[in-house]
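What follows is a set of notes on a single structure, which appears directly below.
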Amino acid sequence: EVRAVIKQFNPAVYKFNDETFGFNAGRANRILDSIIEEGLTATPKYASMRADRVDPQILQKMKRAGFTYIDYGVESGNPEILKAVKKGVTLEQTGKAVAMTKKAGIKVGVNVIVGHPDETRETAGQTIDYAVKLNADLTAIGIMVPYPGTEVAELAKQGKGGYKILSTDWRDFNKQVGNALELKGLSRRDMEAIQALGYLKIYAYNFRIKELFNFIRMYRKAGWRFLKKYFAIE
């Protein structure tokens with residue numbers, strides 16, 4: 001399949017969306033060996049991986065196969081929340097995976113969520129602090145969305161996990177600019193503030209000044225709308 005897509009369509013990027021790509025080491029190595037042997041390394045490749053399934057050897061081979069970006073689903077910076085959501089990956093494992101990926105010369109991304117069941121300002125703050133510490137090339141800070149069929153949706157429907165449904169409009173089911181739910185101890189406004197300040201903190205605390213100014217410039221209108229909403233400015 002990889003060969004057919006690259007040969008026929010010559011994509012700018014080939015992405016492996018399945019985060020279990022590295023779950024079976026034998027399968028992953030066979031795919032990587034085929035890519036290298038068939039001369040398909042020039043096309044940049046992205047992958048989503050589990051942090052507990054990477055090691056220096058697989059990362060070095062991925063680098064040779066043309067992988068330029070790997071992202072990890074971190075979810076939370078609080079160990080108890082990770083256990084509660086059955087993530088199956090520890091903060092230590094994630095930290096090691098991010099460090100190994102950087103060392104292999106592959107750009108790394110992490111995805112975190114604010115608004116897990118019974119989330120508090122303290123636990124959400126721990127998530128942001130952990131993202132700052134990881135200092136990935138790209139960090140996505142999302143706000144929990146109760147997508148139909150998920151455990152979060154069921155909890156919210158039953159009023160459990162501290163959740164309160166704000167909207168059932170599908171347009172509000174967005175991790176970045178949505179308005180689907182909030183928590184009793186963490187209002188929607190609070191989560192949006194944590195999200196916005198989290199991005200600023202990642203850039204500022206890691207002295208990524210150019211990216212900080214680019215972020216401010218790119219989202220200045222959205223930032224002004226948020227400030228008006230947060231402080232009820234007319």
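The values are calculated or read from the model by the stated rules, or taken from the named source; none is laboratory data. What you see is a predicted model, and the numbers here were worked out from it, not measured in a lab. For neighbour counting, all protein chains shown are included, and Cβ atoms are generated from backbone atoms with ideal geometry for every residue, glycine included.
Observations on the structure shown:
- Of the residues in the range 223-234, not one is at pLDDT below 95, crowded, with 17+ Cβ neighbours inside 10 Å and acidic (Asp, Glu).
- Candidates are the residues of the range 41-72 that are out of contact with any Ser or Thr (no Cβ under 8 Å at 6 or more places or on another chain) and among the aliphatic types (A, V, I, L, M); the one that is farthest from residue 12 (Cα to Cα) is 58.
- Residues (over 27 Å from the mean Cα position of the chain (by Cα) and polar (S, T, N, Q)) located in the range 11-45: 34
- Total residues in the range 138-154 satisfying the condition of being of a type in the set (D, E, K, R) and in contact (Cβ under 8 Å) with a residue 40 or more places away in the chain: the figure is 0.
- Some residue of the range 18-27 being surrounded by fewer than 19 Cβ atoms within 10 Å (Cβ to Cβ), in contact with a Ser or Thr (Cβ under 8 Å, 6 or more places away or on another chain) and among the charged types (D, E, K, R): yes
- Residues satisfying the stated conditions in the range 53-101, i.e. touching a strand residue (DSSP E or B) at 6+ places or on another chain (Cβ under 6 Å) and basic (Lys, Arg): 87
- Here residue 114 passes the criteria (1) within 19 Å of residue 84 (Cβ to Cβ); (2) more than 13 Å from the chain's Cα centre (by Cα); (3) touching a residue at least 24 places away in the same chain (Cβ under 8 Å) except the one numbered (2).
- Residues of the range 86-129 that turn out to be surrounded by 17 or more Cβ atoms within 10 Å (Cβ to Cβ) and among the acidic types (Asp, Glu), as a count: 2
- Cβ pairs under 6 Å, 6+ apart, first in the range 85-100 and under 21 Å from residue 117 (Cα atoms), second polar (S, T, N, Q): none
- For the range 26-51, a residue qualifies if it is touching a Lys or Arg at 6+ places or on another chain (Cβ under 9 Å) and either part of a loop (DSSP other than H, G, I, E, B) or under 20 Å from residue 99 (Cα atoms) (or both), and the qualifying residues are 38, 40, 41, 45, 46, 47, 48, 51.
- Any hit, the range 151-164, residues being at pLDDT below 95, surrounded by fewer than 19 Cβ atoms within 10 Å (Cβ to Cβ) and not in a helix (DSSP H, G or I): yes
- Residues of the range 1-41 satisfying the condition of being among the acidic types (Asp, Glu) and in contact with a strand residue (DSSP E or B) (Cβ under 9 Å, 6 or more places away or on another chain): 18, 19
- Residues of the range 1-14 satisfying the condition of being surrounded by 14 or more Cβ atoms within 10 Å (Cβ to Cβ) and at pLDDT 90 or above: 14
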